[in-house]
Amino acid sequence: MSQLKRHKLCPRAWFFQKVMRLPEPTTGAQQVGTEGHAQLEHYLSTGEDVLGAFAQSGAHLLPAPGPDLLVEQPLDGAPPLTAGGIPFTGFIDVVNPRRLATDGVLRITDHKFTSNIASNAASAEQLADADTEPGLQMVGYGAWALGQTERFPGLRTLELEHIYYQTRGQRLAASVIASVTFEHIEREWRTKVEPQVEAMKEHAQAARADDVPANYGPACTKYGGCPFLGKCLTGENKTMSLRDKLLSKPSEFVPTTVAAVEREALELPAVLPPDAPQPAPVQMAPEVAEQPAPKRRGRPRKAPEPSPSESKSDLRVLFVDCVPTKHDGPRPESLTGYVDDMHHKVAQAGGVDDVRFAGSDSPLGFGKWRGALAMAARAELPPPGIYTALGVAQSELMQVIVEALEPSFDVVVRGIR
């Protein structure tokens, strides 16, 4: 059942884990859950109270230990649980048949350890809906019970229960129960789970990870964060769709005009050494200077040809929060135009107007735009030349670009505060 849940959460993460078999680190939260489940299994099987602080908080919600409880019940019994010809493996925490003879009710319980019950607990409606992650698991357990007709005679109603144990702050526990009929379970399994199994079979045949859809958004940060997020976003092992978008069409970087540079100098002043002379406004090379806006009569004047001393060097030089006061050769160009160009490209690939305000459902959300922007800059460096990056501390976009470009520039000069 864990494979179904992982695939429902994100097909590509499932592909990384189960098809490519990439290693997955164990988190502290998983360790707490493993220990708690072991304590509860021992207690319900033997009656010996070995419950730790977290599990103890929900002891009042547990059935009394006894041999009639099915504890850690395997799914691959006779007959096993199957869908699309694929058998399932796994264990149900508790199957309680004590009300079966009197009310026709079978209760199936799953233990959940969570940092915050109020924000993380599923609702009863979700437990009964196989389109949700918690419901997918519990409907699967219900489908197993329906296949055990000889074992559970008179079954009319299934109670699907989550018992939550809070692991942070106050020691709390809560029970959430969904009462459903076996007709409901059969319908959910047939119309929702079996089609997902067919999709899993198709995805398992994919040659590359980027051929499997990714569920960007909350899935990337759920349960402490997806362990494959870095590979998925950066394209490690296999290239990913967002990376393909960023690298598919090289943009044309047009150096910033004189007016833009002067405007930047007013809005974002350079940080210069204390004893440095006040620099004059940066003048752009004539071949990239902005043409005057008003119309002129007669033929437009041609820009003079640049002298040999003004030809661009093969080096890339970057002045960060400072400007050169004396130098030979081409005048420095502001990096602002390049930053705007890269930002536009990444925003367009991610389907947003401004990467800094990408929502949780965007592949650029949760700050992932920084990695995407840095990746785009490293893949498409500005042409060789001398550049200035002013007011870096006031611009997140400029900060990310400068940090990404610094290893690729031949010379980087930083102003001293």
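Take the residues of the range 106-129 that are aliphatic (A, V, I, L, M) and either part of a helix (DSSP H, G or I) or within 23 Å of the chain's Cα centre (by Cα) (or both): which is surrounded by the most Cβ atoms within 10 Å (Cβ to Cβ)?
Checking each candidate, the answer is Leu127.
Tell me yes or no: at least one residue of the range 391-408 is within 21 Å of Leu315 (Cβ to Cβ) and not in a helix (DSSP H, G or I).
Within the range 391-408, not a single residue is within 21 Å of Leu315 (Cβ to Cβ) and not in a helix (DSSP H, G or I).
Could you tell me whether the range 8-18 includes any residue that is open to solvent by 30 Å² or more (accessible area, probe 1.4 Å), more than 21 Å from Asp93 (Cβ to Cβ) and assigned to a helix (DSSP H, G or I)?
Yes, the range 8-18 has at least one match.
Of everything in the range 77-105, what is in contact with an Asp or Glu (Cβ under 9 Å, 6 or more places away or on another chain) and either over 20 Å from Leu62 (Cα atoms) or open to solvent by 70 Å² or more (accessible area, probe 1.4 Å) (or both)? Give them in sequence order.
Matches in the range 77-105: Ala83, Gly84, Pro87, Phe88, Thr89, Gly90, Phe91, Arg98, Arg99.
Can you tell me how many residues in the range 377-396 are modelled with pLDDT of 90 or more and within 19 Å of Arg356 (Cβ to Cβ)?
1
I'd like to verify a number: residues in the range 23-47 that are buried (at least 16 other Cβ atoms within 10 Å of the Cβ) and closer than 20 Å to Gly225 by Cβ, how many?
Of the residues in that region, 2 qualify.
If you go through the range 360-417 one residue at a time, how many are open to solvent by 20 Å² or more (accessible area, probe 1.4 Å) and without any contact (Cβ under 8 Å) to a residue 24 or more places away in the chain?
Total satisfying the criteria: 3.
Between a residue in the range 212-241 that is open to solvent by less than 30 Å² (accessible area, probe 1.4 Å) and any residue that is modelled with pLDDT under 75 and polar (S, T, N, Q), which pairs come within a Cβ distance under 6 Å, given they are 6 or more apart or on different chains?
Between residues of the range 212-241 that are open to solvent by less than 30 Å² (accessible area, probe 1.4 Å) and residues that are modelled with pLDDT under 75 and polar (S, T, N, Q), the close pairs are Gly217/Ser360.
Restricting the search to the range 48-68, which residues are open to solvent by 40 Å² or more (accessible area, probe 1.4 Å) and either within 16 Å of Ser175 (Cα to Cα) or without any contact (Cβ under 8 Å) to a residue 24 or more places away in the chain (or both)?
Glu48, Asp49, Val50, Phe54, Gln56, His60, Leu61, Ala64, Pro65, Pro67 - these are the residues of the range 48-68 that are open to solvent by 40 Å² or more (accessible area, probe 1.4 Å) and either within 16 Å of Ser175 (Cα to Cα) or without any contact (Cβ under 8 Å) to a residue 24 or more places away in the chain (or both).
Considering only the range 36-64, state which residues are over 23 Å from Trp144 (Cα atoms) and not in a helix (DSSP H, G or I).
Gly47, Glu48, Asp49, Val50, Leu51, Gly52, Ser57, Gly58, Ala64
Can you tell me which condition Ala209 does not meet? The list is (1) under 18 Å from Lys18 (Cα atoms); (2) surrounded by fewer than 19 Cβ atoms within 10 Å (Cβ to Cβ), and all the others hold.
Of everything listed in (1) under 18 Å from Lys18 (Cα atoms); (2) surrounded by fewer than 19 Cβ atoms within 10 Å (Cβ to Cβ), Ala209 misses just condition (2).
For the range 289-311, check the following and say yes or no: at least one residue is modelled with pLDDT of 80 or more, surrounded by 12 or more Cβ atoms within 10 Å (Cβ to Cβ), outside any helix (DSSP H, G or I) and out of contact with any Asp or Glu (no Cβ under 8 Å at 6 or more places or on another chain).
no
Name the single residue, out of those in the range 210-229 being under 9 Å from the mean Cα position of the chain (by Cα) and assigned to a helix (DSSP H, G or I), that is modelled with the lowest pLDDT.
The qualifying residue modelled with the lowest pLDDT is Pro218.
Looking at (1) touching a residue at least 60 places away in the same chain (Cβ under 8 Å); (2) in contact with a Leu (Cβ under 9 Å, 6 or more places away or on another chain); (3) of a type outside the set (A, V, I, L, M, F, W, C), which is the only condition Gly84 fails?
Of the numbered conditions (1) touching a residue at least 60 places away in the same chain (Cβ under 8 Å); (2) in contact with a Leu (Cβ under 9 Å, 6 or more places away or on another chain); (3) of a type outside the set (A, V, I, L, M, F, W, C), the odd one out for Gly84 is (2).
If the Cβ limit is 9 Å and pairs must be 6+ apart or interchain, which residue in the range 123-141 that is under 10 Å from Leu160 (Cα atoms) and modelled with pLDDT of 95 or more pairs with which residue that is in a helix (DSSP H, G or I) and of a type in the set (Val, Ile, Thr)?
Leu127/Val139; Ala128/Val139; Ala128/Ile185; Val139/Ile185; Val139/Val193
May I ask you to list the residues in the range 169-209 that are part of a loop (DSSP other than H, G, I, E, B) and either at pLDDT 95 or above or acidic (Asp, Glu) (or both)?
Across the range 169-209, the qualifying residue is only Leu172.
If I go through the range 353-364 residue by residue, how many of them are within 19 Å of Gln399 (Cβ to Cβ) and not in a helix (DSSP H, G or I)?
3
The values are calculated or read from the model by the stated rules, or taken from the named source; none is laboratory data. Owing to the predicted nature of the structure, the values given are computational and were not obtained by experimental measurement. Using ideal geometry, Cβ is built from the backbone for each residue, glycine included, and neighbour counts are taken over all protein chains shown. Remember, those area values only see protein heavy atoms, side chains included, never the ligands or the DNA or RNA. Shrake-Rupley method; radii C 1.70, N 1.55, O 1.52, S 1.80 Å.
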